[in-house]
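Novice: Quick one: structure below, then a few questions.
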Amino acid sequence: MKKTVGFIGWRGMVGSVLLNRILKKKDFLNFNFIFFSTSQFSFKNPEFNRFNSNKILKDANNLDELFELDIILTCQGSDYTNKIYYKLRNSGWSGYWIDASSDLRMKIDSVIVLDPINKKNIIQSIDRGIKTFIGGNCTVSLMMLALGGLFRNDLIEWISFSTYQAASGGGSGYILELLKQIKFLNKYLSKDDNLSKSILDIEKKITKITQKNSFPIKNSLVPLILNLIPWIDLDMSSGQSKEEWKMEAETNKILSLKDNKKILIDGTCVRIGSLRCHSQSFLIKLKKNIDISNIEDIISSDNKWVKIIKNNKNDSIKKLTPLSVTGTLNIPIGRIRKLSLGNNYISAFSIGDQLLWGAAEPLRRMLKFLI
Ligand code: HSE
């Protein structure tokens with residue numbers, strides 16, 4: 001019999017990307033999907049004809065309804081998870097909880113899902129009776145897919161990273177705000193569109209516009225356009241941001257590495273004004289000296305999404321940019337070279353769509369293991 005999946009948070013950005021992937025890959029043929037809403041239940045949605053399931057939205061806060069489900073798939077966010085998960089578990093619900101938000105990731109009885117990297121662990125965990133499967137942080141998942149071959153072959157001593165993270169990582173409000181900032185600038189610039197002025201006068205004028213009190217910065221707190229923000233997520237009070245902390249913590253959990261085998265990973269996470277692709281620059285210390293063509297072979301043979309971009313200017317500027325990756329499952333990695341620091345030190349630069357492999361795709365693929 002088909003399992004019943006309750007889908008919550010399918011209207012949001014990650015949820016919509018996930019819904020599209022489920023439709024595209026026809027996953028709805030394998031499950032009975034029921035759509036829930038935290039606000040508009042009883043609302044009829046004819047779009048769900050394709051799912052051949054209940055066309056009336058159910059109440060996502062109704063524990064009795066949720067209790068009947070085999071699987072809950074939620075992209076509703078942390079507040080919902082914290083409100084419902086423990087109540088449901090405490091009431092004896094033993095279904096599978098699959099979640100895009102971060103709250104349950106580091107729990108001892110949850111698994112972070114990224115099956116091209118930890119499929120064995122996912123399958124063994126299902127067999128052991130684990131019922132909570134959580135998508136990883138986007139930067140972590142994208143880094144691991146890019147460097148999967150080096151992780152799998154135990155070649156990494158440590159990684160230092162700098163990220164260039166898209167507005168979408170902050171939520172749809174961030175993207176909207178970025179667009180409002182563009183519009184705001186354009187409004188003021190077009191009033192006096194005299195580009196024959198001295199470039200320094202134009203630069204001064206633009207900077208002044210971004211400093212206006214009415215400049216839209218409710219989400220990002222400072223302008224994101226023409227700027228960058230070198231802090232993402234909470235302050236861990238250790239000097240690290242939470243986004244930076246997640247890189248080492250989640251990676252080692254995904255790889256099931258115990259404390260004495262942990263790979264050290266640290267660096268700086270930065271928000272930039274790209275729309276939905278996160279880019280990352282890596283400085284990697286390998287455990288041994290391997291030549292670049294071997295490194296490229298090891299990386300490219302690990303999974304079918306990672307693609308080596310040759311380390312030259314033309315390929316780098318055309319194939320290793322957020323705009324060339326957006327909306328795809330590709331994980332290009334380039335700028336791979338030995339550093340002057342020594343034979344075991346390499347650099348690499350990688351990109352991935354933050355909403356696809358960074359959020360929705362690992363959750364969609366997790367469903368397949370539960371058929
Ligand atoms: N933490 C990420 C970001 C979102 O802020 O870009 C993806 O998990």
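Novice: Just the number: Rg to Rh for the range 165-265, Cα atoms, Kirkwood Rh, two decimals.
Specialist: Ratio value, two decimals: 1.18.
Novice: Given Cβ point charges of +1 (Lys, Arg) and -1 (Asp, Glu) and nothing else, what value in debye, to the nearest 20, does the dipole of the chain about its Cα centre take?
Specialist: 720
Novice: Once every DSSP H run of n ≥ 4 in the chain is given -39500 (n - 2.57) and the sum is divided by its residues, what mean residue ellipticity at 222 nm do you get, rounded to the nearest 500 deg cm²/dmol?
Specialist: After summing the helix terms and dividing by residue count, I get -10500 deg cm²/dmol.
Novice: Go ahead and set up a Gaussian network model of the chain, Cα springs under 10 Å, then flag whichever of LYS261, LYS55, LYS191 fluctuates most.
Specialist: In this elastic network of the chain, the residue with the biggest mean-square fluctuation among LYS261, LYS55, LYS191 is LYS191.
Novice: Given the pairs LYS310/LYS338; LYS191/LYS212; LYS25/LYS120; LYS261/LYS287; LYS285/LYS338, which are separated by over 18 angstrom at their Cα positions?
Specialist: LYS25/LYS120
Novice: For SER241, SER91, what ranking results if the residue with the fewest other Cβ atoms within 10 Å of its Cβ goes first?
Specialist: SER91, SER241
Novice: Quick one: what does P(r) look like for the range 1-150 with 10 Å bins over all Cα pairs, in whole %?
Specialist: Each 10 Å bin holds this share of Cα pairs: 11, 40, 37, 12, 1.
Novice: Here's a follow-up. Summing Lys, Arg as +1 and Asp, Glu as -1, what charge do residues with Cβ under 12 Å from the Cβ of LEU221 carry, LEU221 excluded?
Specialist: So the environment of LEU221 carries a net charge of +1.
Novice: To the nearest 20 debye, what is the magnitude of the charge dipole of the range 112-165 about its Cα centre, counting +1 on the Cβ of each Lys and Arg and -1 on the Cβ of each Asp and Glu?
Specialist: With only Lys, Arg, Asp and Glu charged at Cβ, the dipole is about 200 debye.
Novice: Sticking with this one: For a paramagnetic label modelled at 7 Å from the Cα of SER256 toward its Cβ, which residues of the range 336-371 fall within the zone defined by backbone nitrogen distances under 20 Å?
Specialist: Hits in the range 336-371 for SER256 at 20 Å: 362-363, 365-371.
Novice: Same structure again: I'd like the Kirkwood hydrodynamic radius of the range 291-371, using the inverse of the mean 1/r over distinct C-alpha pairs, in Å.
Specialist: 14.0
Novice: Among ASN90, ASN260, ASN153, determine the one that fluctuates most according to a GNM of the chain built with springs between C-alpha atoms less than 10 Å apart.
Specialist: ASN260
Novice: Please state the shape class of the range 107-215: rounded when a/c is under 1.5, otherwise prolate if a/b exceeds b/c and oblate if not, all from the C-alpha gyration tensor.
Specialist: prolate
Novice: Suppose every K and R has +1 on its Cβ and every D and E has -1 on its Cβ; what is the size of the dipole of the range 266-371 about the Cα centre, in Debye to the nearest 20?
Specialist: 80
Novice: The chain: D in µm²/s via Stokes-Einstein (Kirkwood Rh, Cα pairs, 37 °C, 0.692 mPa s)?
Specialist: In µm²/s, the coefficient rounds to 148.
Here, each number is a calculation from the coordinates, and none is a lab measurement. From a predicted model like this one, the values you see are computed outputs, not experimental measurements. Glycine gets a Cβ as well: all are built from the backbone with ideal geometry, and neighbour counts include every protein chain shown.
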